[in-house]
Amino acid sequence: MKFDKQDLKRALTGISGILVTPFDAEDRLVPALQAPIVDRAVAAGVHILVANGNTGEFYALTTEEAETMVRASARHVDGRAPLVAGVGRAIGDACRLARVSAEAGADALMVHQPPDPFVAPRGIAEYVKRVADASGGLPLVIYLRNDAIGVKAIEALCAVEGVVGVKWATPNPLKLAEAMAACDPDIVWVGGLAEVWAPPLYAVGARGFTSGLINVWPERSVAIHAALESGDYPEARRLIAGMRAFEDIRAQEMNGTNVTGVKAALRLLGHDCGATRPPSAWPLTEAQSAMLAAFVEANGLRRLA
C-alpha cells in the first residue's frame with residue numbers, strides 16, 4: 001500500500017517508532033533480525049515506522065549500510081504502515097540516501113539536523129531544499145534537535161516545499177509554542193523526545209511522539225498514545241511511570257546509553273541484535289543491567305520470537 005500526504009500527516013499524529021539496526025558478533029549488518037520487531041510493532045498498532053533514525057544508530061552507519069537498512073525496512077514493513085527514512089550527514093550523502101530511500105519505497109524522509117560545527121540557520125534551509133529536490137517529491141519531516149537556530153530559521157525550514165512535519169526533539173515547550181504560531185498551521189508537530197516528554201508537548205499542541213520503546217514494548221507506547229489522544233493525562237502519566245526506568249537508563253552517560261538500553265533489553269527478551277557501535281556506550285554497567293533486568297521482570301515483558 002502506498003500512503004499519500006494526508007495519510008502520512010494523520011499517521012504523524014500517532015507513534016513514530018524508531019527501529020534498531022541489528023548487527024552480528026562481528027559488527028556486520030543482519031537486516032533480517034529487524035523483521036520480527038517490525039511485525040510486533042505493526043500488530044500492536046504503531047502508526048509509523050522509521051528506518052535510519054538515531055535509535056537505528058544512523059551516525060554509526062556508512063551511507064551504504066543506511067541504504068541497505070532502508071531497503072530492508074521497506075521489505076519488512078511491506079506497506080502495512082507508512083515508512084519514514086532518515087537522511088543526513090554531508091549534503092551529497094543526504095541526497096544520495098534520499099534517492100535510494102524513494103526507490104526503496106519510503107513514504108517520506110526525516111531530515112536529520114546537520115551536525116556540522118559551522119551550521120548557519122539559512123544554510124539548513126538550503127540543505128533541506130536540496131534533499132527535497134533529490135527525493136523526487138517525497139514529503140519531508142524536519143528533525144529539530146537544536147532550537148537555538150531561532151524561530152525565523154524554523155519558519156524558513158517549514159516553508160520549504162514538501163515539508164509536512166517537524167519532529168521537535170528539544171525540551172523547550174515555550175519555544176515550540178512560539179514556532180507553531182509562526183509556521184503554517186498545516187505543519188504537524190511531533191513530540192521528538194519519546195513517551196516521557198509527550199504530555200507537556202501535547203499540552204502545547206504537538207501531536208504524536210517518537211519512540212524507541214516500540215522495539216521492546218510497543219503495546220505500552222500505543223496505550224500511552226491512546227490516553228493522550230483521549231485527554232486522559234492522569235492515565236498517560238501512570239503508564240509513563242511504569243516505563244520510566246527504561247528511559248532513565250537510556251538517558252545516562254549523556255544519553256550515550258540511549259540505544260544501548262534498547263539493544264540490551266532486546267537481548268534479555270531473547271532477540272539479540274548485537275552491540276551498539278562506538279561512540280555509544282556498550283555494554284551497560286552492572287548497575288544499569290540490574291536496573292534493566294528489574295524493569296523487564298516487573299513488567300512481564302514477553303520474549304520476541
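Read-outs: derived from the displayed coordinates by stated rules, not from any lab. Here the structure is a predicted model, which is why all the values come from computation and not from measurement. Here the Cβ is made from the backbone with ideal geometry for all residues, glycine too, and neighbour counts use every protein chain on show.
Among the strands (runs of 3 or more DSSP E) contained in the stretch 12-87, which hold 1 or more residues that are touching a His at 6+ places or on another chain (Cβ under 7 Å)?
On the way: elements: 15-18, 48-51, 83-87.
Ranges flagged: 15-18, 83-87.
Looking at (1) more than 24 Å from residue 4 (Cβ to Cβ); (2) more than 16 Å from the chain's Cα centre (by Cα), which is the one condition that is false for residue 79?
Going through the list (1) more than 24 Å from residue 4 (Cβ to Cβ); (2) more than 16 Å from the chain's Cα centre (by Cα), residue 79 breaks only (1).
What is the number of the single condition among (1) in contact with a Ser or Thr (Cβ under 9 Å, 6 or more places away or on another chain); (2) charged (D, E, K, R); (3) closer than 25 Å to residue 68 by Cα that residue 130 does not meet?
(1)
Say we look at the stretch 238-252 and pick out the residues that are surrounded by 15 or more Cβ atoms within 10 Å (Cβ to Cβ) and of a type in the set (D, E, K, R); which of these is farthest from residue 295 (Cα to Cα)?
250
Answer with yes or no whether residue 265 is surrounded by 24 or more Cβ atoms within 10 Å (Cβ to Cβ), more than 30 Å from residue 140 (Cβ to Cβ) and in contact with a Leu (Cβ under 8 Å, 6 or more places away or on another chain). Let's see the steps before the verdict.
Details: surrounded by 24 or more Cβ atoms within 10 Å (Cβ to Cβ): yes; more than 30 Å from residue 140 (Cβ to Cβ): yes; in contact with a Leu (Cβ under 8 Å, 6 or more places away or on another chain): yes.
When the stated conditions are applied, residue 265 passes them.
Let me spell it out: the conditions are (1) assigned to a loop (DSSP other than H, G, I, E, B); (2) in contact with a Pro (Cβ under 8 Å, 6 or more places away or on another chain), and residue 117 meets all of them except one. Which number is the exception?
(2)
State which residue is surrounded by the most Cβ atoms within 10 Å (Cβ to Cβ) when the search covers only the stretch 88-112 and only residues that are part of a helix (DSSP H, G or I) and among the hydrophobic types (A, V, I, L, M, F, W, C).
First, pick out the residues of the stretch 88-112 that are part of a helix (DSSP H, G or I): 91-104.
Right, trim to among the hydrophobic types (A, V, I, L, M, F, W, C) and you get 91, 94-95, 97-98, 100, 102, 104.
Details: 91: 16, 94: 23, 95: 18, 97: 28, 98: 25, 100: 20, 102: 19, 104: 20.
The selected residue is 97.
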